[in-house]
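Chemist: My structure is below; once you've seen it, I'll send some questions.
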Amino acid sequence: MDAIARIANELRARFGPDIQGVESPSPTRLFVDIDRRALRGAAQALVDLGARYMVGIGTDEIARRGRLGLIHTFAFDADHVGVALRSSAPAGDPVFESITPAIPSAGWTEREYRDLLGMTFTGHPKPKRLILADDWPDGVHPLRKDVPYNLVPPAAEDVAYRLDEAPPGTTTVPIGPFHVSLHEPEHFAVFVDGETIKGCDYRGFMTHRGIEKLCQTQVSYNEVPFVAERICGICGSVHAVCYAQAVEAAAGLRISRRSEYIRTVLLEIERLHSHLLWLGIAGHLIGFDTVFMQAWRVREKVMWLAERFTGNRKTYGMVLIGGVRRDITPEIRADLEALLTTLEKEVLVLKNAVIGDTAIHRRTKGVGFLSKEETVRWSLIGPVARARGLGLDVRKDHPYAAYDDLAFDVPVVDSGDVWGTLVVRVLEIFESIAILRQALAKMPADGPLLIEVPEALPALRHGLSMVEAPRGESVHYVITGEENRPERWRVRAPTYANLQAVPAMLLDNQFADFPIILGQIDPCFSCTDRVAVIDARSGRRRVLDRAALEGLSRRPAGGRS
Amino acid sequence: MSVVAVFVNVLLFLLLAPLFEGVMRKITARVQSRQGPPVVQPYYDLLKLLGKERINSAGTWAFRLAPPAAFASILAVVALVPFGSKLNALGGRVDAVTVIYLLTLGGVSVLLGALASRNTFAAIGASREMVTMVMVEPVLAMTLILGAVRGGSLGLGAAVFSTAARGYSVATAVMLVAYLLALQAFVAKQPFDIAEAEIEILEGPFIEYSGPDYGLFRYYLMMKQMFYAWLFVAVFLPFLRTGAYAGDVLAQLAGTFIVFVLIAVVGSTNPRLRIDQAVKIYAVLVLVALGAVGLAVAGI
């Protein structure tokens with residue numbers, strides 16, 4: 001019996017009367033409509049069956065049927081199946097039973113829809129604001145369709161987020177909203193006893209600009225990938241690919257094998273870049289700037305690789321629904337292969353220097369420890385989970401693009417600490433290089449870059465897509481709409497899942513380790529906030545033309561022009 | 001002549017301390033495959049800081065007093081302890097304990113400024129600074145006391161020029177190792193730049209300082225690190241002497257340069273330690289230094 005039938009039967013057996021529909025549009029996806037009465041029990045049942053909670057999606061269906069929808073998504077990694085539990089509540093009584101007590105990583109999802117859609121979750125352990133600004137008026141829920149996308153309520157004075165009570169005998173150290181180890185505005189209140197961390201409260205989402213709302217109301221299907229790419233400056237293509245895959249899945253489109261290979265190359269270049277970038281930052285966070293500079297020197301080569309291939313050093317603008325925008329010509333392929341050879345040598349030197357450095361061991365081993373059981377309980381993903389003995393990798397568990405054709409290892413260690421995360425990410429660099437080599441060699445020579453996409457996509461179809469970003473799994477959920485744009489598009493970046501467990505990793509560590517413990521999940525707050533970065537620098541402007549910019553970025557190290 | 005030597009001393013430290021800082025930055029940059037700032041960058045930094053407006057962000061007199069007090073104390077130290085191989089006009093009137101007092105006064109001024117800033121990060125930095133002072137300064141004190149034991153006098157001449165006068169002994173060799181290991185902590189560079197730890201506590205004790213006050217602190221830190229580097233040369237490398245005053249000064253400056261190269265290389269190839277890890281290392285260093293003094297008392 002295949003996994004989908006087994007899961008569906010199990011749910012039917014236990015919650016038969018409450019199940020309103022079961023559909024499986026593909027052999028790896030199961031959508032179950034269930035009454036809200038049974039939602040909590042069904043979620044628990046899925047977790048008991050071995051599912052990993054991914055994220056929840058809230059929807060406004062008031063205009064269509066007077067209800068607010070709530071979809072919880074789960075992954076059965078070993079069975080290669082994604083499951084969505086779809087439920088709803090009448091708009092006048094949007095109350096659900098909280099699943100957070102049993103599934104802690106659902107905590108943010110529920111708080112998010114408390115803010116954005118006005119749902120209520122009974123039994124939620126921390127029903128505080130998550131996303132809305134502290135001076136946002138009560139009762140205005142911006143994701144509801146009757147709230148315009150550009151609503152700007154008047155700012156209010158004298159409102160502030162109320163931090164959690166500090167445990168007795170501790171002092172509060174404010175990390176943020178602006179702090180050198182954060183790079184983006186977020187606020188951690190760290191409760192310390194001497195130098196030992198005894199707790200932490202988090203207030204983020206300070207740059208929430210409502211990308212989802214924007215894309216559901218203002219732009220069209222094929223403009224979204226470019227917005228999606230700007231969710232994150234590091235794993236932009238991950239979001240673009242993930243979105244495109246979700247729409248393709250919902251609309252039943254199948255792109256050419258060649259464009260799947262090109263997407264794979266794109267994603268692996270991005271992974272190379274991200275791993276080297278993170279390694280540098282990790283060095284910086286433990287006060288080792290030489291690792292920082294050397295890793296970034298090597299990373300520069302990856303930027304050149306990307307520029308050769310896509311025309312851009314970052315934010316490649318390559319992905320469209322139905323395929324990709326640029327081809328890999330034989331010349332580009334030869335250049336990429338040559339660059340991979342030099343890159344591999346440089347990374348090997350870097351790896352030996354970093355892995356063998358006992359001084360780095362002292363700062364990372366045993367730091368930020370989380371047991372395997374806790375890692376499962378918090379639904380952690382990516383290198384953070386792979387450093388804690390869980391072999392999770394979307395590329396293997398839920399293959400997409402061309403990964404099912406390629407041979408590669410998923411490095412897993414079980415030290416459970418920052419050191420493990422570092423080892424996993426360094427080893428993955430070599431796997432990425434191997435994947436790139438194979439992908440370039442095996443790529444089919446023909447096939448359209450872009451398939452024919454019908455003028456109008458069928459409406460109200462659901463698509464669930466996962467992509468392994470360098471930091472972990474990204475999840476996108478798309479419900480197709482009628483006006484040539486998604487009715488609902490939900491983004492869950494890996495940080496959204498991993499950040500929720502940071503307080504658990506911080507507990508009883510030294511304050512000096514705060515930056516690296518947070519840094520090990522490679523937090524991307526802009527992904528989590530789903531920010532649109534708008535350069536609005538005013539005042540004195542220095543205009544650089546294209547030639548000047550190129551000159552600046554290409555000036556060889558050491559040369560002073 | 002010996003009065004002139006006082007001025008030569010002070011001027012050399014004032015003029016060259018930023019240069020050595022610049023050298024260190026340049027070497028660090030080269031280890032990191034960077035171009036690095038010009039070696040004179042620290043002069044520019046100081047000039048810029050000193051030309052800015054003074055802001056008393058904490059609003060207390062102690063906050064104001066701390067930077068000049070720290071700077072004055074290090075000036076006094078370098079006025080007393082002589083370049084070359086003879087005591088200057090001031091050095092003969094004080095003893096080794098005075099120098100230790102004055103050095104500690106500089107550290108206490110930093111603490112005073114940090115605690116007067118009323119800032120959480122400054123407070124954490126101050127507590128780390130205090131631990132470092134209590135645990136590392138004894139190595140310096142023992143170095144001078146070792147000289148005093150061997151020379152039979154607490155006078156500055158005996159303390160600083162003991163190796164020159166009596167040659168190397170086992171005790172000197174042990175102390176030399178302890179001093180070298182403590183050097184990174186004396187000058188607050190990696191792995192022991194814990195009290196400032198930019199990435200965790202944002203320069204700790206100095207977070208509230210800006211403009212001329214911060215400039216004075218920076219100048220103080222540069223002079224202090226040059227003093228510690230130079231003292232190593234003066235105490236442990238007595239063979240760097242030519243007989244002529246000017247020649248001795250140049251030879252010692254060359255030695256100091258080499259010590260700075262060492263500091264820069266060690267600093268750029270190590271991550272920062274945590275204070276709990278550092279304290280264990282400091283404890284060993286203090287014990288080794290104490291052992292060296294013990295050996296000297298026993299005449300070994």
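Chemist: Between B:Arg166 and B:Ala283, what is 0.36 nm times their sequence separation minus the Cα-Cα distance? Round to one decimal in nm.
Modeler: Values: separation 117, 0.36 × 117 = 42.12 nm, distance 2.89 nm.
Additional length available on full extension: 39.2 nm.
Chemist: Considering only B:Lys48, B:Lys26, B:Lys224, give the residue with the highest GNM mean-square fluctuation for chain B, with springs between Cα atoms whenever their separation is below 10 Å.
Modeler: Checking each option, the largest mean-square fluctuation is seen for B:Lys48.
Chemist: Using a cut-off of 13 Å between alpha-carbon atoms, which aspartates and glutamates can reach A:Lys213, once sequence neighbours fewer than 8 places away in the same chain are excluded?
Modeler: Counting by Cα, and skipping residues close in sequence, A:Lys213 has these aspartates and glutamates nearby: A:Asp60, A:Asp146, A:Glu487, A:Asp529.
Chemist: Could you compute the FRET efficiency for B:Leu15 and A:Val180, with r as their C-beta to C-beta distance and R0 at 45 Å, rounded to 0.05? Spell out each step's value before the answer.
Modeler: On the way: r = 32 Å, r/R0 = 0.72.
The formula returns an efficiency of 0.90 here.
Chemist: Another one. Given B:Ile199, B:Leu262, B:Phe236, which one lies farthest toward the positive end of the charge dipole of region B:193-277, if we put +1 on the Cβ of every Lys and Arg and -1 on the Cβ of every Asp and Glu?
Modeler: Of the options given, the answer is B:Phe236.
Chemist: Choose one answer from B:Ala197, B:Ala70, B:Ala246: the residue with the largest mean-square fluctuation in a GNM of chain B with alpha-carbon springs under 10 Å.
Modeler: B:Ala246
Chemist: Calculate the dipole size of region B:198-253 relative to its Cα centre from +1 charges on Lys and Arg beta carbons and -1 charges on Asp and Glu beta carbons; express the result in debye to the nearest 20. Show your work: numbers first, answer last.
Modeler: Working: 3 positive and 6 negative charges, 86 e Å.
Dipole size: approximately 420 debye.
Chemist: Taking the Cα atoms only, what angle lies between the long axis of helix B:61-80 and the longest principal axis of chain B, rounded to 10 degrees?
Modeler: For helix B:61-80, the angle is close to 20 degrees.
Chemist: Excluding same-chain residues fewer than 8 positions from B:Lys52, which lysines have a Cα within less than 25 Å of its Cα?
Modeler: Straight-line reach from B:Lys52, under 25 Å: B:Lys224.
Chemist: For region A:171-249, state which trypsin sites (Lys or Arg not before Pro) are in a DSSP loop and have at most 16 other beta carbons lying within 10 Å of their beta carbon. Please list the in-between numbers first.
Modeler: On the way: sites: A:Lys198, A:Arg203, A:Arg209, A:Lys213, A:Arg230; in loops: A:Arg209, A:Arg230.
Taking region A:171-249 and a limit of 16 other Cβ atoms within 10 Å, the loop trypsin sites (Lys or Arg not before Pro) found are A:Arg209.
Chemist: Average the reciprocal distances over every distinct pair of alpha-carbons in region A:256-409, invert the result, and give the Kirkwood radius in Å. Before the final figure, lay out each step's value.
Modeler: Values: mean 1/r = 0.0569 Å⁻¹.
Final number for the Kirkwood radius of region A:256-409 is 17.6 Å.
Chemist: Here is a further query. Would you mind computing, in nm to one decimal, how far apart the modelled labels at A:Asp335 and A:Ala160 are, each placed 7 Å from Cα along Cα→Cβ?
Modeler: 5.4 nm
Chemist: Roughly what would the spin-label model give for B:Leu250 and A:Ala133, points 7 Å off Cα along C-beta, in nm?
Modeler: Reported label-point gap for B:Leu250 and A:Ala133 is 6.7 nm.
Chemist: Let me ask you something else. Label points 7 Å out from Cα along the Cβ direction at B:Ser153 and B:Phe257: separation in nm?
Modeler: Modelled inter-label distance: 3.4 nm.
Chemist: Taking chain B as the reference, fit the longest principal axis to its C-alpha atoms, fit the long axis of helix B:2-31 to the helix C-alpha atoms, and give the angle between the two in degrees, 0 to 90, nearest 10.
Modeler: Taking the Cα atoms of chain B, the angle to B:2-31 is about 60 degrees.
Chemist: What is the magnitude of the charge dipole of region A:351-434 about its Cα centre, with +1 placed on the Cβ of each Lys and Arg, -1 on the Cβ of each Asp and Glu, and no other charges, expressed in debye to the nearest 20?
Modeler: Values: 11 positive and 12 negative charges, 84 e Å.
Once rounded to the nearest 20, the dipole reads 400 debye.
Chemist: Taking the Cα centre as origin and putting +1 on Lys and Arg beta-carbons and -1 on Asp and Glu beta-carbons, what dipole magnitude results for region B:58-168, to the nearest 20 debye?
Modeler: Numbers: 7 positive and 3 negative charges, 23 e Å.
Once rounded to the nearest 20, the dipole reads 120 debye.
Chemist: Another question, if that's okay. May I ask which residue of B:Val77, B:Ala29, B:Ser117 lies farthest towards the positive end of the charge dipole of region B:1-119, with charges of +1 (Lys, Arg) and -1 (Asp, Glu) on Cβ and the Cα centre as origin?
Modeler: B:Ala29
Chemist: Report the calculated FRET efficiency for A:Thr342 and A:Asp409 (r = Cβ-Cβ distance, R0 = 25 Å), to the nearest 0.05.
Modeler: The value I calculate is 0.65.
Chemist: Further question: List the pairs from B:Lys86/B:Lys280; B:Lys189/B:Lys280; A:Lys345/A:Lys442; A:Lys198/A:Lys372; A:Lys128/A:Lys396 whose alpha-carbon separation is above 27 Å, in the order I gave them. Write down the numbers at each step before the final one.
Modeler: Working: B:Lys86/B:Lys280 38 Å; B:Lys189/B:Lys280 17 Å; A:Lys345/A:Lys442 23 Å; A:Lys198/A:Lys372 21 Å; A:Lys128/A:Lys396 37 Å.
From the list (B:Lys86/B:Lys280; B:Lys189/B:Lys280; A:Lys345/A:Lys442; A:Lys198/A:Lys372; A:Lys128/A:Lys396), the Cα-Cα distance tops 27 Å for B:Lys86/B:Lys280; A:Lys128/A:Lys396.
Chemist: Which whole number gives the average count of other chain Cβ atoms within 10 Å of the Cβ atoms across peptide A:291-300? If you can, show how the numbers build up before the last one.
Modeler: Values: counts 3, 1, 7, 4, 0, 3, 3, 1, 0, 0.
Partner-chain Cβ atoms within 10 Å, mean over residues of A:291-300: 2.
Chemist: Taking chain B, how much of its Cα-Cα pair set, in percent, is spaced more than 36 angstrom apart? Kindly include the intermediate steps, with their values, before the conclusion.
Modeler: Numbers: 5901 of 44850 pairs.
Value for chain B: 13 percent of Cα pairs lie more than 36 Å apart.
Chemist: Identify which of B:Gly152, B:Gly107, B:Gly204 has the largest mean-square fluctuation in a Gaussian network model of chain B, with springs joining Cα atoms closer than 10 Å.
Modeler: Between B:Gly152, B:Gly107, B:Gly204, it is B:Gly152 that shows the largest mean-square fluctuation.
Chemist: On to the next question. Note the per residue figure in Å³ for the convex hull of the C-alpha positions in chain A. Write out the running numbers ahead of the final one.
Modeler: Values: hull volume 93.6 nm³, N = 561.
Spelled out: Cα convex hull of chain A, divided by residues, is 167 Å³.
Chemist: For region B:109-204, state which chymotrypsin sites (Phe, Trp or Tyr not before Pro) are in a DSSP loop and have at most 13 other beta carbons lying within 10 Å of their beta carbon. Write out the running numbers ahead of the final one.
Modeler: On the way: sites: B:Phe121, B:Phe161, B:Tyr168, B:Tyr179, B:Phe186, B:Phe192; in loops: B:Phe161, B:Tyr168, B:Phe192.
When the chymotrypsin sites (Phe, Trp or Tyr not before Pro) of region B:109-204 are filtered for loop state and at most 13 Cβ neighbours within 10 Å, B:Tyr168 remain.
Chemist: Based on the Cβ-Cβ distance from A:Glu374 to A:Arg37, what FRET efficiency comes out when R0 is 22 Å, to the nearest 0.05? Mind showing how you got there, number by number?
Modeler: On the way: r = 30 Å, r/R0 = 1.38.
Given R0 = 22 Å and the Cβ-Cβ separation, E is 0.10.
Chemist: So, one more: What angle do you read, to the nearest 10 degrees and between 0 and 90, between the alpha-carbon axis of helix B:245-268 and the longest principal axis of chain B?
Modeler: It is inclined by approximately 50 degrees.
Chemist: By the scheme Lys and Arg +1, Asp and Glu -1, what is the net charge of all other residues having a beta-carbon under 11 Å from that of B:Asn270? Walk me through the numbers on the way to the answer.
Modeler: On the way: positive: A:Arg362, A:Arg363, B:Lys189, B:Arg272; negative: A:Asp289, A:Asp357, B:Asp193.
For residues surrounding B:Asn270, the net value is +1.
Chemist: Can you list the DSSP H helices in chain A whose Cα atoms extend at least 27 Å along the helix axis and whose mean Kyte-Doolittle hydropathy is 0.0 or higher? Walk me through the numbers on the way to the answer.
Modeler: Values: long enough: A:257-285 (41 Å, 0.09); A:289-310 (30 Å, -0.24); A:330-355 (36 Å, 0.52); A:418-442 (36 Å, 1.10).
Answer set is A:257-285, A:330-355, A:418-442.
Chemist: Another one. Using the Cα centre of the protein assembly as shown as origin and beta-carbon charges of +1 (Lys, Arg) and -1 (Asp, Glu), tell me which of A:Val140, A:Tyr161, B:Thr104 is placed farthest towards the positive end of the dipole.
Modeler: Positive-end residue among those listed: B:Thr104.
We did not get these values from a lab; they are worked out from the coordinates using the rules stated. Not measured: the values here are computed from a predicted model. Note that each Cβ is placed from the backbone with ideal geometry, even for glycine, and that neighbours are counted across all protein chains shown.
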